[in-house]
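Here the structure is laid out as structure tokens; the discussion comes afterwards.
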């Protein structure tokens, strides 16, 4: 049964991403995220909600890579399409998840207000939403793992860009999204 679940999740990942982008990397990313979630979570009640989150995450990453923008409607879809079902499944984690979102959002806002070209406000909103979702899924361990992984990936990207002299501006949204996926995969119960 789990192998059928994995296959169906991968098919869902491709089918959901195909109408929006016919690019093979996007389809592979969507299918890969869906497959990893299905393998790690099995038939958990959170899986359908996380499959939606994975598809929205791929669209956010593609948009940020192309235009250095994280559209509010997509971030809102992630927050309001995934947050309430997860809150219903784990009501005892609502308060810590809100605290994680508030702390992450405030920290990222402080970074965004520093002079220079640091974080954008889309990154601030996405970081707060992902902290909320990670908090609902796995509590503080998931938040720390997800946000920490995002900064590790972002730092490695920055080092690579500096060493190869390819510029200083890069989208942080994909690192945030990959970090969140890492947080889910590592801390899933």
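Nothing in this text is a laboratory measurement; each read-out follows from the coordinates by a stated rule. Everything quoted here is computed from the prediction, not taken from an experiment. Every residue, glycine as well, gets a Cβ built from its backbone with ideal geometry; the counts of neighbours run over all protein chains shown.
Going by how many other Cβ atoms sit within 10 Å of their own, how do 98, 132 line up, fewest first?
Fewest to most other Cβ atoms nearby, the residues stand as 98, 132.
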Exercise. Calculated from DSSP H runs of 4 or more alone, at -39500 (n - 2.57) each and per residue, what is the 222 nm mean residue ellipticity of the chain, nearest 500?
Worked result: -27500 deg cm²/dmol
Exercise. Quick one: which of 38-46, 145-153, 167-175 comes out on top by average Cβ neighbours within 10 Å, and what's the full order, highest first?
Worked result: 145-153, 167-175, 38-46
Problem set entry | Residue-span extension gain [residue 68 to residue 114] - 0.36 nm each, minus C-alpha spacing | 14.7 nm
For this session: Using a/c under 1.5 as the rounded threshold, could you call the stretch 102-189 rounded, prolate or oblate? The axes a ≥ b ≥ c are square roots of the C-alpha gyration tensor eigenvalues, and prolate needs a/b larger than b/c, oblate otherwise.
Result: oblate
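Only Cα pairs under 8 Å and at least 6 apart count here; give the relative contact order of the chain as a rounded whole percent.
20 percent
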Exercise. Which of (i) 10.5; (ii) 35.1; (iii) 12.4 is the computed mean projected area of the Cα convex hull in nm² for the structure on display?
Worked result: (i)
For this session: Could you line up 166, 93 from fewest to most neighbouring Cβ atoms inside 10 Å?
Result: 166, 93
Exercise. Taking the Cβ-Cβ separation of residue 156 and residue 92 as r and a Förster radius of 25 Å, what is the calculated FRET efficiency to the nearest 0.05?
Worked result: 0.10
For this session: Among 160, 92, rank each residue by its count of other Cβ atoms within 10 Å, from fewest to most, as a rough exposure measure.
Result: 92, 160
